[in-house]
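Throughout, read-outs are computed from the coordinates displayed, never taken from laboratory work. Remember, predicted model here, so these are calculated numbers, not experimental data. Cβ placement follows ideal geometry from the backbone for every residue including glycine, while neighbour counts extend to all protein chains displayed.
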Amino acid sequence: MNAFPLILSAPSGGGKTTIARALLARRHDLGYSVSCTTRAPRPGEVQGRDYYFMTRAEFIAEREKRAFAESAEVHGNLYGTRRSEVKRVLASGKHVVMDIDVQGAVQFIRVFPDTVTIFILPPSAEVLLERLKARKTETPAQLAARLQSALQELQEVDSYEYVIVNDDLERAVTSVESIIDAEVLSRNRVKNLREQVGLLIQRLEQEIESQTTP
Ligand code: ADP
Ligand code: 5GP
C-alpha cells in the first residue's frame, strides 16, 4: 500500500481531535503523528500519546535542529510535527493522521506533497460555541484567543482539498473514511501502474497477433 499523510484542520472545537480518535479506533491502516507543543497538558492528556509536552526552550532547540516538518504558533503556544514521527508511521505502511493548524498545513505540504488535506467545518457558529464551552478545557481568556484564531482559520478553507461538515459524528467519520479509500485508488498513488498496464497490453497484443496469424 502507498501510505500518505492526512491533515485534519478545523477551527478550535470543530471536532478534529474527536474525528481523529474515532478513525484510529476503527481502522488499522492509520497511525497518528504525535505533535510537540509548549501548551500545558489538559486533565487526562498523556505525555507521548496526546502530545510531546515540552518547554519553549526545548521546542526552539528542536526547531533549530530542523527536526520539524512544520511548526507554528497557535493561540500563543508553539506546535510542531517531527519529521521522524511522520516517517515512523509511513514506514510502518500506515497513513499518518495529523491534526494541525492551517499555517502548519501549508508548510507541511511543501515537505510531503502527496498529503491529503481535509477541513472540518462546524454545522453552525452556535454549535461551535456550544461545543467549545461544553468541553470546559479553556479559561475565558483562552476561549477568546481560540475564537480569534477560528476567524483566521476559516479564511483558509479554500486551500484544502476536501471539506466535511461535522454535524453528525458518525457521518463525519465515515466521510473521512470514504476520502481515504478513494485516495488509495487515486491513479497517481497506484504503484507500478505503467508496468501493470504494460503487461496487460503486451498479453493482449500477443493474443491478437495469434488470432490474426493463420
Ligand atoms: P477540536 O479538536 O477541533 O478542537 P474536539 O474534537 O475537541 O475539537 O471537539 C470539541 C467538542 O465537541 C468536544 O467536546 C467533542 O466531544 C464535541 N464534538 C465533536 N464532534 C461532535 C459532534 N459531531 N457532535 C457532538 N459533539 C461533538
Ligand atoms: P489544541 O491545543 O486544542 O490541542 O490544539 C490547538 C491548535 O493547534 C489546533 O488548531 C491544532 O490543529 C493545532 N495543532 C496541533 N498540533 C499541531 C502541530 O503539530 N502543528 C501545528 N501547526 N498545529 C498543531
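Listing for the model above:
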quantity: DSSP-assigned coil residues among trypsin sites (Lys or Arg not before Pro) in segment 28-111, each with at most 13 further Cβ atoms within 10 Å; calculated: Arg49, Lys65, Arg66
quantity: Under-24-angstrom lysine pairs by C-alpha in segment 5-180, whenever the two are 8 or more apart or on separate chains; calculated: 5
quantity: For the chain, size of Cβ-based charge dipole, Lys and Arg +1, Asp and Glu -1, in debye; calculated: 800 debye
quantity: Positive-end residue, segment 5-180 charge dipole about Cα centroid, Cβ charges, pick of Leu132, Thr55, Leu147; calculated: Thr55
quantity: Separation of alpha-carbon centers, segment 148-214 and segment 81-128, rounded to whole Å; calculated: 18 Å
quantity: On Cα atoms only, tilt of 16-26 relative to the major axis of the chain in degrees; calculated: 50 degrees
quantity: Equivalent ellipsoid dimensions for the chain as semi-axes, Å, which come from the Cα gyration tensor, largest first; calculated: 40, 21, 14
quantity: Stretchable slack from Ser210 to Glu195, in nm (0.36 nm times residue separation minus alpha-carbon distance); calculated: 3.1 nm
quantity: Within the chain, helix-based [θ] at 222 nm, where runs of 4 or more DSSP H residues each add -39,500 (n - 2.57), nearest 500; calculated: -15000 deg cm²/dmol
quantity: Label-point gap, in nm, between Glu161 and Thr139 - each point 7 angstrom along Cα→Cβ; calculated: 4.1 nm
quantity: Net charge, Asp167 excluded, C-beta distance under 15 Å - Lys, Arg +1, Asp, Glu -1; calculated: -1
quantity: Simple spin-label estimate for Arg49 and Gln107 in nanometres, 7 Å along Cα-Cβ; calculated: 2.8 nm
quantity: Nearest 10 degrees, 0 to 90: helix 125-135 Cα axis against the chain principal axis; calculated: 70 degrees
quantity: Highest-fluctuation residue, Gln196, Gln103, Gln142 considered, GNM on the chain with Cα pairs under 10 Å; calculated: Gln196
